[in-house]
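**Q** Please read through the structure below; I'll follow up with questions.
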Amino acid sequence: MHSVSLPEIGTFEAWRDEARALLGASVPPGEVLWQRGQGAADLFSNGPGAEAPPPAASAPLSVPLSVPRGFVDLARLAICHSDPERFARLYALLWALRSDKRLLSDRADPRIDRLERMAKEVRRDRHKMTAFVRFREIGTPGANRRSFAAWFEPTHHIVELTAPFFVSRFGDMDWCILTPDISAHFEGGDLRFAAGAARPDLPEDATEDLWRTYFRNIFNPARLKPKAMQAEMPKKYWHNMPETQLIPELLASAQARAQEMAEAAPTLAPARAGKITARLRAEPETAPEMPGDLAQALQGCRRCPLWQDATQPVPGEGPKDAALMVVGEQPGDREDLEGRPFVGPAGQLFDKAAARAGLDRAQAYLTNAVKHFKFTPRGKRRIHQAPNRGEVMHCRWWLDIERAQVKPKLILAMGATAAESLTGSRAGLMARRGQVEHTEDGTPVLITLHPSYLLRLPEADRPAAEALFEQDLRLAAEMVAELR
Ligand code: URA
């Protein structure tokens with residue numbers, strides 16, 4: 001019997017190297033005993049519990065071995081599952097793939113089915129981590145970089161896999177996320193992992209008040225669904241989240257507040273709304289109602305400086321339970337003035353192509369990765385400027401809220417900005433269009449071109465690109481019909 005001890009940090013890489021060596025030596029799955037942590041040798045030879053750098057993207061091969069790409073993606077997720085059999089299951093699959101490469105696409109095979117379900121549970125847990133980690137400030141006032149800490153209890157071993165998300169979101173501050181499994185530390189721009197920790201006493205601070213204020217503001221007593229609320233935010237996470245202290249009080253007063261809201265007179269519009277209304281008075285359309293209070297909450301967005309020059313934020317619009325969400329880059333000139341997405345030339349091109357592809361705009365929820373128009377003035381014109389990565393990442397806050405509210409079955413990402421915001425990947429768009437990728441919580445994302453890109457193409461090149469765009473929209477319509 002071969003006994004393999006895997007480290008708690010860098011588990012996937014260590015498993016991969018061991019599996020390669022075992023396969024190279026033709027050791028059958030039944031003869032391998034796998035274990036992780038507690039006495040298992042540390043991959044980086046620093047002793048149990050010692051700190052280690054993040055694992056390298058690809059360790060040297062001990063034995064050349066080719067496996068389908070899909071297996072690596074599946075293994076990376078499934079290996080984070082808390083099932084103690086996960087290493088053995090993956091090795092058994094690897095063994096079986098040697099004689100049947102197509103096995104991986106056989107969803108009826110119980111081995112694949114089990115691993116796919118494990119991967120799905122891991123994706124879910126990662127999503128919970130990205131949504132429910134709450135940082136508290138621990139640094140000293142006046143320090144160069146602000147410093148934060150958070151305590152989180154994931155169900156699976158997802159810290160290494162999920163930490164890069166926090167790096168991309170909070171790259172300009174120092175932070176650590178402590179968990180009972182392993183902990184992530186981000187200091188001076190470097191990410192490292194260390195042993196798990198006991199729950200620390202973290203100070204209450206101003207960030208908590210912000211969360212509570214935000215939650216109080218988005219809480220709509222008229223739409224109270226305690227069961228759905230608990231399904232989305234299981235009680236397990238409540239004790240780490242400042243806003244959840246408000247839940248009992250908000251639940252208790254919900255009925256009375258809903259009544260008050262129904263009876264209340266409309267609030268006064270802010271002064272600058274006068275200018276906007278005057279400009280828009282000639283327009284016959286009015287924006288449909290937004291899910292939740294997002295449109296109103298967006299008015300106060302100061303997450304990045306783009307609000308300063310834009311006329312107004314542009315929230316998404318469409319049915320609150322749309323199966324399809326369409327995400328563009330940012331509002332253009334017309335959208336900025338009207339406060340509605342995709343009403344300008346790009347929107348018109350989209351409408352025409354969608355109609356030809358059998359995709360009904362009225363049934364989709366249309367929104368943008370960035371909610372304010374970014375431009376540079378040139379004479380009397382405002383010239384579109386692409387949002388930078390920071391702006392896109394700050395604005396993901398809003399897109400995540402829209403996704404959580406609408407819960408689309410499929411997202412159509414139009415253009416590189418939307419694709420990056422939804423999948424985190426900045427890989428070239430042309431190679432990805434027409435393909436399905438996934439958000440961190442596993443929602444399928446179909447990548448396509450942006451209609452503004454089509455508008456900028458020379459006349460001669462446009463028909464071919466439009467045909468591709470239309471083909472993707474048709475695929476989206478078909479996928480939505482299947483997923484519904
Ligand atoms: N381009 C976009 O990405 N979104 C809009 O709403 C308009 C143009």
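The values are calculated or read from the model by the stated rules, or taken from the named source; none is laboratory data. Everything quoted here is computed from the prediction, not taken from an experiment. With ideal geometry, Cβ positions are generated from the backbone for all residues, glycine too; neighbour counts draw on all protein chains shown. Just so you know, the surface numbers come from the protein's heavy atoms only, side chains and all, with ligands and any DNA or RNA stripped out. Shrake-Rupley method; radii C 1.70, N 1.55, O 1.52, S 1.80 Å.
**Q** Averaged per residue, what accessible surface does region 377-484 expose to a 1.4 Å probe, in Å²?
**A** Spelled out: the 1.4 Å probe surface of region 377-484, per residue, equals 49 Å².
**Q** What shape does region 273-483 have by the C-alpha gyration tensor, where a ≥ b ≥ c are the square roots of the eigenvalues, rounded means a/c under 1.5, and otherwise prolate means a/b greater than b/c and oblate the rest?
**A** rounded
**Q** What shape does region 62-118 have by the C-alpha gyration tensor, where a ≥ b ≥ c are the square roots of the eigenvalues, rounded means a/c under 1.5, and otherwise prolate means a/b greater than b/c and oblate the rest? Mind dumping the intermediate values first?
**A** Details: a/c = 1.71, a/b = 1.19, b/c = 1.44.
Judged from the Cα gyration tensor, region 62-118 comes out oblate (a/c at least 1.5, b/c at or above a/b).
**Q** Also: Give, as a single signed number, the net charge of other residues whose beta carbon lies under 14 Å from the beta carbon of Phe152, with Lys and Arg counted +1 and Asp and Glu -1.
**A** +2
**Q** In region 273-483, what percent of the accessible surface is made up of carbon and sulfur (1.4 Å probe, ligands and nucleic acids excluded)? Write down the numbers at each step before the final one.
**A** On the way: 4980 of 9580 Å².
Using a 1.4 Å probe with all protein chains present, region 273-483 comes out at 52 percent carbon and sulfur.
**Q** Sort 78-85, 425-432 for me by packing, meaning the mean count of neighbouring Cβ atoms within 10 Å per residue, highest on top.
**A** Taking the mean over residues of other Cβ atoms within 10 Å, the ranking is 78-85, 425-432.
**Q** Out of the total accessible area of region 133-195 (probe 1.4 Å, heavy atoms of protein only), what percent is carbon and sulfur?
**A** 51 percent
**Q** Under 15 Å Cα to Cα from Lys236, which aspartates and glutamates show up? Leave out anything in the same chain fewer than 8 places away.
**A** The qualifying aspartates and glutamates are Asp125, Glu153.
**Q** So, one more: May I ask for the distance between the Cα centers of region 147-174 and region 359-418, given as a whole number of Å?
**A** Between the Cα centre of region 147-174 and that of region 359-418, the gap is 25 Å.
**Q** Could you order peptides 435-444, 388-397 by the average number of other Cβ atoms within 10 Å of their residues, highest first?
**A** Highest-to-lowest ranking by the protection proxy: 388-397, 435-444.
**Q** Strictly over 30 Å apart at the Cα level, which of Lys320/Lys352; Lys380/Lys409; Lys235/Lys320 would you flag in this model?
**A** From the list (Lys320/Lys352; Lys380/Lys409; Lys235/Lys320), the Cα-Cα distance tops 30 Å for Lys380/Lys409.
**Q** Once the other residues with Cβ under 14 Å from the Cβ of Phe170 are scored (Lys, Arg +1; Asp, Glu -1), what is the net sum?
**A** After counting each charged neighbour, the total is +3.
**Q** Let me ask something else about it. At a 10 angstrom cut-off on C-beta neighbours, averaged per residue, how do the peptides 13-26, 331-344 rank from highest to lowest?
**A** 331-344, 13-26
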